[in-house]
């Protein structure tokens, strides 16, 4: 008997000896008078054993069969030795038709020392909760995570991902070598072409997204390539001051570093190309069904782009730099020399400032006042020579009617 049961027995004996009444007994044991009457009857009939629960020491009706438990342990040790209880329970149900509650799997994993319960965190600094946005497409949280996603099967790489703030849907994810300008440009170009333009993007202060030098912070006209592209699209960028501020994308990466790495291992995937197909076709459709939530408003605030706007994305998502046209109408860029030809869609003068566009496909375009100039790539630095001061824009030729034109056949009457 437990100490509590022994104490109850002593009080019930006093009740039987009529030293105290039922009301006083109920107050002392914090029970109802009806329950006291039951306990009194049991003690009279069975003695102290009457206070012990009938199920105490008996095998639970819901206890896992020993044969099934051995099978679960074998599967856990062979395939899911580093999985969490919830994820392991999902895989046992999905692949082995073993439907057990995650709490049951958790207790088995703890007993087999395959899982160690996390210690409760001590009190941390207070952070106020921010309500989710109301509509899908109102704000996307975006970031990149460097990790050994393929474990020892491939080098460390970066996973770029965006998650909708209102619904928790992972709207797009892509593996790439790094979180530089071109991978980020490629990510958002594909996003805008497929889903449209969100109203805002919430991201951190990584150098790809924000100028962090003190001199640049004081000059608001100093923009990164990504800020310049967002400005052309009239897309709001919100910069977080701490990882906790954009907690939805941070929590996503924490989950993916547990689940996605193991899913890639089970699928036998070890290349970025295969992994990107797996993310789009297999992993995230199931992930979104399981973890997304409904938004307060059903409206989709993505702005669908027209065909003309989609065509402009090639230029917007290009790395752009200014260069000056030299006296011989050559331009130096990235250790290469470009010679502007005589036929141009716009008038070019010496010392004109042109925009050099490095596009995602590797091509170079030269832009002046919204027109793309014609050029030839030179094998080496050109030698100095006399050149005209201006390259005139192409003018349409003056139309001269032929000899047999009706206008030439007309004769004026003479009076």
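In table form, for the structure just shown:
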read-out	value
Cβ-based exposure ranking for 3, 95, in which fewest neighbours within 10 Å come first	3, 95
Relative contact order (percent, whole number), the range 3-51, Cα cutoff 8 Å, 6+ residue spacing	36 percent
Where labels lie 7 Å past Cα in the beta-carbon direction, separation of residue 271 and residue 359 in nm	2.7 nm
Ranked list, fewest to most other Cβ atoms within 10 Å of each Cβ, for 149, 407, 115	407, 115, 149
log₁₀ of I(q)/I(0) at q = 0.06, 0.08 Å⁻¹ - the chain, Debye sum with one point per alpha carbon	-0.51, -0.73
The chain - mean residue ellipticity at 222 nm from DSSP helices (-39,500 (n - 2.57) per run, n ≥ 4, rounded to 500)	-11000 deg cm²/dmol
Förster radius 51 Å - calculated FRET efficiency between residue 94 and residue 351, Cβ distance, rounded to 0.05	0.15
Sites residue 34 and residue 118 - FRET efficiency at Förster radius 45 Å, r taken between beta-carbons, to 0.05	0.55
Surface/4 of the Cα convex hull for the range 307-356, nm²	4.3 nm²
Crossing angle, helix 307-316 versus the chain [Cα axis fit, 0-90 degrees, rounded to tens]	90 degrees
Separation of the residue 231 and residue 328 label points, Cα + 7 Å toward Cβ, nm	3.5 nm
Three-way shape call for the range 3-51 based on the alpha-carbon gyration tensor, with the a/c threshold at 1.5	rounded
Simple spin-label estimate for residue 255 and residue 2 in nanometres, 7 Å along Cα-Cβ	3.7 nm
Using distinct alpha-carbon pairs, which all enter the 1/r mean, Kirkwood radius of the range 66-111 in Å	10.2 Å
Ranked list, fewest to most other Cβ atoms within 10 Å of each Cβ, for 306, 145	306, 145
Relative contact order [Cα under 8 Å, 6+ residues apart], the chain, whole percent	12 percent
Calculated P(r) of the range 131-272 - Cα pairs past 22 Å, %	41 percent
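Just so you know, all these numbers are worked out from the coordinates, no wet-lab data involved. Note that the structure is a prediction, hence the values are computed from the model and not measured. Every residue, glycine as well, gets a Cβ built from its backbone with ideal geometry; the counts of neighbours run over all protein chains shown.
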